[in-house]
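First comes the structure, then the notes that go with it.
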Amino acid sequence: MQPRSTKTTSTVVDPTAVRPPIDDVDEIIRTTPAEMRDVLTRLKAQGFSQLTDVGGADYLRRSPRFDVVYHLTALPTRVASIAEVGKPKRVRVLCGVDEGVSVPTVYDLWPSANWAEREVFDLFGIAFSGHPDLRRIEMPDDWEGHPLRKDYPVRGPARDRTPRPPFPGKENVGSRIPPTREAAERLRREINERLHHDDHQTSEEKS
């Protein structure tokens, strides 16, 4: 089933416009932090009673940079067929968020948003105003930065400021240059010795 046409409540460029159609939801709605509460309150009143998940996405060179993503499901409230139960209506709400802008919590609408919003805060650094206990949930309290941001150093901020430690016998590790002739010969000898040792063990086991 093809999804219905995407509705928008802002003029921001939507990544869904430049990728293949997504058929796991019936509708995709884009909104802003100022409108988000009204949009989600209205959807809940329309029957989307389950907040399946809250996630985040970082589009580093886009404005607004982040999306907070809400996955909503409308569960049947009456006797329903197997097909209706097996494929409930789903809506994805994308809330574009600029750096340093907070998003209203939906904890009071769906208590399950509590830890999900904490995870987005922890990994992306997006704050949720009105949240009853907004603190890290996966990283230590004194962790520096937010690991799922696209500009987050691969080794972490603290380690990225220090050089890689030397590795004995591995001159090319970290430097991305070919090993010296001596290192290459040493490695070749080690490989031959190990193969000879393995062959000798195999021969003894067969005898």
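For this structure, a couple of remarks:
- Taken along the Cα-to-beta-carbon direction at a fixed 7 Å, the label points for Arg155 and Leu195 span 3.4 nm.
- Our estimate of slack between Arg188 and Thr73, defined as 0.36 nm per intervening residue step minus the Cα-Cα distance, is 35.4 nm.
- Full-extension gain in nm, Leu60 to Arg42, via 0.36 nm per residue minus C-alpha separation: 3.4 nm
- Each of Leu40, Leu75, Leu51 has some number of other Cβ atoms within 10 Å of its Cβ, and from fewest to most they run Leu75, Leu51, Leu40.
- Contour excess over end-to-end distance, with Cα ends at Thr52 and Asp141 and 0.36 nm allotted per residue: 29.4 nm
- Pair Glu35, Lys89: separation of 7 Å Cα→Cβ label points (nm): 1.9
- Computed over the stretch 51-161, the P(r) curve from all C-alpha pair distances, binned at 10 Å from the origin, holds 13, 38, 29, 14, 5, 1, 0 percent per bin.
- Nonlocal amide H pairs with Thr52, under 5 Å, H built at 1.01 Å: His71, Leu72, Thr73
Values in this text are rule-based calculations from the coordinates and carry no lab data. On a predicted model such as this, the values are computed, not experimentally measured, just so you know. In this analysis, Cβ positions are derived from the backbone assuming ideal geometry, glycine residues included, and neighbour counts consider all displayed protein chains.
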